[in-house]
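A.B. asks: This structure is in structure tokens; I'll ask about it shortly.
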Amino acid sequence: MKKLLLLIIPFGIFTSCNKPTDKSAENLAVQVQELKEKYRPGLGEYMMGIQLHHSKLWHAGINNNWKLADYEIGEIKESFDNIKAVETDRPEVKTISIIEPALAKLSDAIAQKDEKEFRKSYDLLTASCNNCHTTNHFEFNVIITPTAPPVNNQDFTAKP
Ligand code: HEC
């Protein structure tokens, strides 16, 4: 009898898991949605990540560390792509293309390993960050060219 129960119980669990009722599927969908909302980074959190990459990008570029500069600009682009995909309920995201020309110019300068062009395009990038902030009434978030490295546990110089 015990053996029979051991066989029947897992079978019962298996079939009930396999065929969720409409109600339980619905509950699951609601739960997934709630979790997505709860653990989704806000726009301000994405921006703080971008702020750090913006600063690291500067120190990589002025050290002619083009591999690191390429990595940092990649991270910035990825963050903006994520914002576009995730922050669909934020109206500010409609103006995100403000940043695109500057990112394209900087990518070119990095690919050309051209420090002079890098510095010029970096100014354009920073101006574009502020342009978007002003357009969206967040003009009090003023971005500048960094005056010191953002962290002291990373070496920004290029290695041969
Ligand atoms: C879509 C236009 C847009 C662009 C482009 C943009 N931002 Fe923002 N940024 C915002 C908005 C909107 C906020 C306010 C977010 C919030 O609700 O907290 C913000 C906030 C910030 C903050 C404040 C975050 C905090 O909580 O302390 C920083 C820092 C920041 N942005 C950095 C940057 C940098 C650096 C760039 C350029 C590389 C940039 N942003 C480009 C729209 C933009």
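A.B. asks: Consider residue 139 against the criteria (1) surrounded by fewer than 13 Cβ atoms within 10 Å (Cβ to Cβ); (2) within 18 Å of the chain's Cα centre (by Cα): it satisfies all of them except one. Which criterion is unmet?
C.D. replies: (2)
A.B. asks: Any idea which of 72, 78, 87 is among the acidic types (Asp, Glu), modelled with pLDDT of 95 or more and within 11 Å of the ligand (Cβ to nearest atom)?
C.D. replies: Every option except 72 fails the conditions.
A.B. asks: Does residue 157 fit the bill of being among the hydroxyl-bearing types (Ser, Thr, Tyr), over 30 Å from residue 36 (Cβ atoms), at pLDDT 95 or above and assigned to a loop (DSSP other than H, G, I, E, B)?
C.D. replies: yes
A.B. asks: Also, quick follow-up: Would you point out which residue out of 98, 76 is touching a Ser or Thr at 6+ places or on another chain (Cβ under 9 Å) and hydrophobic (A, V, I, L, M, F, W, C)?
C.D. replies: Only one candidate passes the filter, namely 98.
A.B. asks: Look through segment 28-48, keep the residues that are touching a helix residue (DSSP H, G or I) at 6+ places or on another chain (Cβ under 8 Å) and farther than 16 Å from residue 133 by Cβ, and return whichever of them is farthest from the ligand (Cβ to nearest atom).
C.D. replies: In this case the residue turns out to be 40.
A.B. asks: Looking at segment 1-67, what helices (runs of 4 or more DSSP H) fall wholly within it and have at least 1 residues that are modelled with pLDDT under 95, more than 30 Å from residue 107 (Cα to Cα) and aliphatic (A, V, I, L, M)?
C.D. replies: Fully inside segment 1-67 and qualifying: 2-18, 22-39.
The values are calculated or read from the model by the stated rules, or taken from the named source; none is laboratory data. Here the structure is a predicted model, which means the values were calculated and not measured. Don't worry about glycine lacking a Cβ; one is built from the backbone with ideal geometry, like all the others, and counts go over all protein chains shown.
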